[in-house]
Each structure stands twice: as structure tokens, then as C-alpha cells.
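Enquirer: First the structure, which I've put down as C-alpha cells, then a few questions once you've had a look.
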Amino acid sequence: MLAGRAAVALADLPRLDLTRRTFEETLRLYPSAYVVGRRALAADRLGGYRIGPGESVFMSSAITGRDRRYWDDPSTFDPDRFLPGRSAGRPAMACFPFGGGPRKCLGDTFATMELQVIGAMLARRFELELVSGQHLEVDPQLSLRPRHGVSIKVRRRDDLRLESTR
Ligand code: HEM
């Protein structure tokens, strides 16, 4: 996709679609900010619950992101579920790793672009392989993180002839 170049250029971004979908799928399963909250300004009803003025409501993309009503086989990592043809009819908030509404993350587009650039450049130079047999567990602190870290094997793709863009 980078046609032998080491660095990503702005014009590459629309073509780095698999990288973007991989990022989206990663955040569906492991949304780093896994809870967002709102305080009710007035009394309301939501999903059959009565909410009083001033009460807090918490919503988690880690839960809706694995809800079988919106996602087939939710535990499987499948970036293609974000292809336009497979996203049709899915509610916009079926997963919301960047929150939603007027207080949605201000940096969502920037974060996506950053991950497209970093992901594509890393994948171009290195092959990453999960070390087998390790105990992977999430640790829901202020943000979602791996409790014991994640060990990966990193191999340089020696066969690549990268051109410097500088
Ligand atoms: C993977 C990266 C990121 C994730 C998962 C993320 C997620 C979130 C979430 C869930 C919220 C709360 C939204 C809500 O309550 O509806 C938020 C708010 C915010 N984020 Fe991010 N964020 C990321 C990167 C960034 C970056 C790179 C920036 C800045 C360049 C940024 C700036 C902000 C700001 C300013 C808010 C507060 C918005 C407001 O309250 O009006 N975020 N983010």
C-alpha cells in the first residue's frame, strides 16, 4: 500500500482502510476509555429506568461493543465487520469508543489518523507475533489496560527495500 516508501503521506490515508478498520475493531473489543458518564439535567426515563434530576448515568462501549444484537460472533477479531456493506443498519452507537453527542472526543479523527500512520509504518517494517501461552487479562483502571502486559515477538522484514522520503 505504501509502494516501497518508509513513511506515510497524507494522500495514503484514504487507502489505508484496513489499518483504520483494524483500529476500529481493536477499540470495539478494548475501548481504552471504557465508560462515559452524564449527569441528568432533568427527570427522564431511559430503557425502562426512571432517572432523577442530578443523577449520574454511565454507559460503556465495552458492553455495547460485545452485544450480540449488534455484532455477530462478538468475541472474534474481524476488522471487516466495519466494511460499509456490513455496517449498514447497525446503530451508530453500537460501539462508541470516542463517546458521543456534544461532548464527544475532540481528538477522534486525529487519533484515528495517528494510528493509521503508526500502524502502517510499523506493519511495513516489522512482523508482530503474539507470544503464545501467556495469560492475557484486561485491567479496567481509569483506562482499560492489560493487567500483565502483552508479550509480542518483533521481527524485522529484512526483505523490504525501503526508500527514505527525506
Ligand atoms: C485512542 C485515542 C482516544 C480515545 C479512545 C479517546 C476517547 C475519549 C472519550 C471516550 C471521551 C469522552 C467522550 C464523551 O464523554 O462522550 C474523550 C474526550 C475527549 N478527548 Fe479523547 N480519546 C482519544 C484521543 C484523543 C486525542 C488524541 C485528543 C486530542 C488531540 C483527545 C481529546 C479529547 C478531549 C478534549 C475530550 C473532552 C471533550 C469534551 O468534554 O467536550 N482525545 N476522549
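Laboratory data are not the source of any read-out in this text; all were calculated from the coordinates shown. Here the structure is a predicted model, which means the values were calculated and not measured. All Cβ positions, glycine included, derive from the backbone under ideal geometry; neighbour counts span all protein chains shown.
Enquirer: Are there any strands (runs of 3 or more DSSP E) wholly within region 74-166 with 3 or more residues that are surrounded by 12 or more Cβ atoms within 10 Å (Cβ to Cβ), and if so which? Even if it seems obvious, please write down each step before you answer.
Expert: Numbers: elements: 126-130, 138-140, 144-146, 152-156.
Once the strands (runs of 3 or more DSSP E) in region 74-166 are filtered for at least 3 residues that are surrounded by 12 or more Cβ atoms within 10 Å (Cβ to Cβ), what remains is 144-146.
Enquirer: I've got another one for you. Consider only pairs whose beta carbons are under 6 Å apart and that are at least six residues apart or on different chains; among these, list those whose first residue lies in region 97-113 and is on the phi > 0 side of the Ramachandran plot and whose second residue is within 6 Å of the ligand (Cβ to nearest atom) and not in a helix (DSSP H, G or I).
Expert: Hits for this filter: Gly99/Val36; Gly99/Cys105.
Enquirer: Continuing with the same structure: Inside region 97-113, can you point out the residues that are under 17 Å from Arg20 (Cβ atoms) and near the ligand (Cβ under 7 Å from one of its atoms)? Steps first, answer last, please.
Expert: Start the filter on region 97-113 by keeping residues that are under 17 Å from Arg20 (Cβ atoms), which leaves 97-98, 105, 107-113.
The answer is Pro97, Phe98, Cys105, Gly107, Asp108, Phe110, Ala111.
Enquirer: Filter region 37-67 for residues that are of a type outside the set (Gly, Ala, Ser) and farther than 19 Å from Leu144 by Cα and give the result.
Expert: So the first thing to find is which residues in region 37-67 are of a type outside the set (Gly, Ala, Ser), and the list is 38-39, 41, 44-46, 49-51, 53, 55, 57-59, 63-64, 66-67.
Arg38, Arg39, Leu41, Asp44, Arg45, Leu46, Tyr49, Arg50, Ile51, Pro53, Glu55, Val57, listed by residue number.
Enquirer: Given the options Val131, Val138, name the one that is aliphatic (A, V, I, L, M), closer than 22 Å to Arg157 by Cβ and either within 17 Å of the chain's Cα centre (by Cα) or away from the ligand (no atom under 16 Å from the Cβ) (or both). Step through it out loud before you land on a result.
Expert: On the way: Val138 fails: closer than 22 Å to Arg157 by Cβ.
Result of the check over Val131, Val138: Val131.
Enquirer: Which residues, counting only those in region 1-14, are surrounded by 13 or more Cβ atoms within 10 Å (Cβ to Cβ) and either within 23 Å of Gly101 (Cβ to Cβ) or of a type outside the set (A, V, I, L, M, F, W, C) (or both)?
Expert: The first filter runs over region 1-14 and keeps only residues surrounded by 13 or more Cβ atoms within 10 Å (Cβ to Cβ), leaving 1-2, 5-8, 12-13.
Scanning region 1-14 gives Arg5, Asp12.
Enquirer: Shifting gears a bit: Would you be able to tell me the number of residues in region 30-42 that are within 19 Å of Ile118 (Cβ to Cβ) and buried (at least 20 other Cβ atoms within 10 Å of the Cβ)?
Expert: Residues that pass the stated criteria total 1.
Enquirer: Out of Arg50, Arg45, Arg21, which single residue is touching a helix residue (DSSP H, G or I) at 6+ places or on another chain (Cβ under 6 Å) and either touching a residue at least 12 places away in the same chain (Cβ under 8 Å) or away from the ligand (no atom under 16 Å from the Cβ) (or both)?
Expert: On the way: Arg50 fails: touching a helix residue (DSSP H, G or I) at 6+ places or on another chain (Cβ under 6 Å); Arg45 fails: touching a helix residue (DSSP H, G or I) at 6+ places or on another chain (Cβ under 6 Å).
Step by step, each of Arg50, Arg45, Arg21 is checked, and only Arg21 is touching a helix residue (DSSP H, G or I) at 6+ places or on another chain (Cβ under 6 Å) and either touching a residue at least 12 places away in the same chain (Cβ under 8 Å) or away from the ligand (no atom under 16 Å from the Cβ) (or both).
Enquirer: Could you list, in sequence order, all residues of region 14-62 that are under 14 Å from the mean Cα position of the chain (by Cα), of a type outside the set (Asp, Glu) and in a helix (DSSP H, G or I)?
Expert: Leu18, Thr19, Arg20, Arg21, Thr22, Phe23, Thr26, Leu27, Arg28, Leu29, Ser61, Ala62
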